[in-house]
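Engineer: Next up is a structure, given as structure tokens.
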Amino acid sequence: MSEFFSNIGKIPYEGKNSTNPLAFKYYNPDEVIGGKTMKEQLKFALSWWHTMGGDGTDMFGCGTTDKTWGESDPQARAKAKVDAAFEIMDKLSIDYFCFHDRDLSPEYGSLAETNAEFDKIVDYIAEKMAADPSKKLLWGTAKCFDHPRFMHGAGTSPSADVFAYTAAQIKKAIDATVKLGGNGYVFWGGREGYETLLNTNMGLELDNMARLMKMAVEYARSIGYTGDFYIEPKPKEPTKHQYDFDTATVLGFLRKYGLDKDFKMNIEANHATLAQHTFQHELRVARENGAFGSIDANQGDTLLGWDTDQFPTNVYEAALCMYEVLKAGGFTNGGLNFDSKARRGSFTPEDIFHSYIAGMDTFALGLRIADKLITDGRIDKFVEERYASWTTGIGKDIIDGKVGFAELEKYALEKGEVTDSLSSGRQEMLEAVLNNVMFNL
């Protein structure tokens, strides 16, 4: 097996004063933050699709990066991708990876032939993992959105034949996830949505999506899968309106169909932006509803209206993200998957490493800030005091269910005007506290 990045060694941690572009400034894997090592807290993962296959192609131009890995034959290329991916993970000290089935191995005509070739690559990955037990699968998924058969959706297609094909493809992806020891399986509704309601039976499509998910859970549990199922919310792209618009929408869907005990959220930063939410908002909604699971780590561009999937470099966002993660008790089966791609003009092999270093350092800084923010305690104390009226008196009676409208009317009539019970929200002060913590590491 040849070395794909012979000019790059294992990326060291050199500290914040280092000017070496191929060194971590803030990510120190074995440093303990919040009772766990950084490696345990962050659980970084390589995304197979962007890192191993994304060549910079966009709607206006062909690829700028060679991701053939020196092979023109599809089978040989799929195997070379595995070798290159494990080299990248080893040199970056990344322990996890994520995949779509077709990222590992492309289609080969019939489904039977495609499955046979897919099995070969899964077996090869299993061999690599056995040789290096530190490498693990974070989650797997099926790519049921790019082929023409999925032009009208997969689980929500008007064609029952397409639904059946989708189920078969997901079954195979679950088999691979289980074989590789993955503790997560993701549903992203690539084309599960609509362009116009003029040709759409929304009720049937949503019912069928729920049927597909229930079948997936039943099958996976029947073969011994004990991990998590995730839904990844996204409001638009490629369809105008996706059924998995945001976390709140997905929670409503799960509860309607009795799937809320089986599924958690895989929150992506850029998808939150597209839904006109903050990343922290989506994480908080998931956390408060007991549905926090995993994260796709990237960022978008507020000046652009599409999913740019940039490597995350916004420390402010990363800090608020890790604040939510720590408040949720940390990751269990989930982690931080870099669903990110280097910019089209960053086309050299070294740019893969520069991109991951930037993202990993950003979240390492975010973790440090979030832990210090919690330890500092000023923000938590302010929030506690702001809602203190709910711990005594009429507030406690409301929460304890001791009063109804009649009692509250009597209280309000006796109390009179209540504006004197309000206090300042101190938003600017709290934002200054965050800045104070951020810049005093």
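The values are calculated or read from the model by the stated rules, or taken from the named source; none is laboratory data. In this text the structure is predicted, and so the values were computed from the model without any measurement. Here Cβ is always computed from backbone atoms with ideal geometry, including for glycine, and neighbour counts include all displayed protein chains. Heavy atoms of the whole protein, side chains included, go into the accessibility calculation; ligands, DNA and RNA do not. Shrake-Rupley method; radii C 1.70, N 1.55, O 1.52, S 1.80 Å.
Engineer: Give the carbon-plus-sulfur fraction of the accessible surface of the stretch 174-238 in %, rounded to a whole number; probe 1.4 Å, heavy atoms of protein chains only.
Structural biologist: That share works out to 54 percent.
Engineer: Highest GNM mean-square fluctuation, the chain, Cα pairs closer than 10 Å: which of 407, 288, 218?
Structural biologist: Of 407, 288, 218, the Gaussian network model singles out 407 as fluctuating most.
Engineer: Mind checking which lysines have their C-alpha under 20 Å from residue 261, skipping anything on the same chain fewer than 8 residues away?
Structural biologist: Residue 261 reaches 214.
Engineer: Have a look at the DSSP beta bridges in the chain and tell me what percent are antiparallel, nearest 5.
Structural biologist: On the way: 6 of 32 bridges.
Of the beta bridges lying entirely in the chain, close to 20 percent run antiparallel.
Engineer: Still on this structure: Could you give the length gained by full extension between residue 111 and residue 313, i.e. 0.36 nm per residue of separation minus their alpha carbon distance, to one decimal place?
Structural biologist: 68.7 nm
Engineer: Measure nothing but the geometry: give the 0 to 90° angle between the long axis through the Cα atoms of 315-327 and the longest principal axis through the Cα atoms of the chain, rounded to 10°.
Structural biologist: Compared with the principal axis, the helix lies near 70 degrees.
Engineer: Taking residue 372 as the anchor, which lysines have their alpha carbon closer than 20 Å to its alpha carbon, excluding any fewer than eight residues away along the same chain?
Structural biologist: Counting by Cα, and skipping residues close in sequence, residue 372 has these lysines nearby: 16, 25, 36, 39, 43, 327, 381.
Engineer: Viscosity 0.692 mPa s, temperature 37 °C: what is the translational diffusion coefficient of the stretch 293-364 from Stokes-Einstein with a Kirkwood Rh over Cα pairs, rounded to a whole number of µm²/s? Don't skip to the end; give the middle numbers.
Structural biologist: On the way: Rh = 13.0 Å.
Estimated diffusion coefficient is 252 µm²/s.
Engineer: At a probe radius of 1.4 Å, what is the per-residue accessible area of residue 59, in Å² to the nearest 10?
Structural biologist: 140
Engineer: What fraction, in whole percent, of alpha-carbon pairs in the stretch 152-241 exceed 22 Å separation? Please report the intermediate quantities before stating the final value.
Structural biologist: Details: 1174 of 4005 pairs.
The answer is 29 percent, as a whole percent.
Engineer: Can you tell me the accessible area per residue over the chain, all protein chains present, probe 1.4 angstrom, in square angstrom? Mind showing how you got there, number by number?
Structural biologist: Values: 20700 Å² over 441 residues.
It amounts to 47 Å² per residue over the chain.
Engineer: Using Stokes-Einstein with the Kirkwood hydrodynamic radius over Cα pairs, what translational diffusion coefficient do you get for the chain at 10 °C and a viscosity of 1.306 mPa s, in µm²/s rounded to a whole number?
Structural biologist: On the way: Rh = 23.6 Å.
Rounded, D is 67 µm²/s.
Engineer: While we're here: Treating cross-link reach as a plain straight distance, find the lysines whose alpha-carbon is under 17 Å from the alpha-carbon of residue 79, omitting any fewer than eight places away in the same chain.
Structural biologist: 67, 120, 128, 135
Engineer: Given an 8 Å cut-off on Cα distances and at least 6 residues of separation, report the relative contact order of the chain as a percent. Let's see the in-between values first.
Structural biologist: On the way: 689 pairs, mean separation 65.2, N = 441.
Once divided by the residue count of the chain, the mean separation gives 15 percent.
Engineer: Let me ask something else. For helix 247-256, report the angle its Cα long axis makes with the longest principal axis of the Cα atoms of the chain; keep it between 0 and 90° and round to the nearest 10°.
Structural biologist: The angle comes out at about 90 degrees.
Engineer: Moving on to the next point. Take residue 134, project a point 7 Å from its Cα along the Cβ direction, then tell me which residues of the stretch 37-53 have their backbone nitrogen under 16 Å from it.
Structural biologist: 37-46
Engineer: Next question, about the same structure. Per-residue accessible area for residue 49 at 1.4 Å probe radius, Å² rounded to 10?
Structural biologist: Spelled out: residue 49, probe radius 1.4 Å, area about 30 Å².
Engineer: Taking the stretch 1-78, how much of its Cα-Cα pair set, in percent, is spaced more than 22 angstrom apart?
Structural biologist: The answer is 50 percent, as a whole percent.
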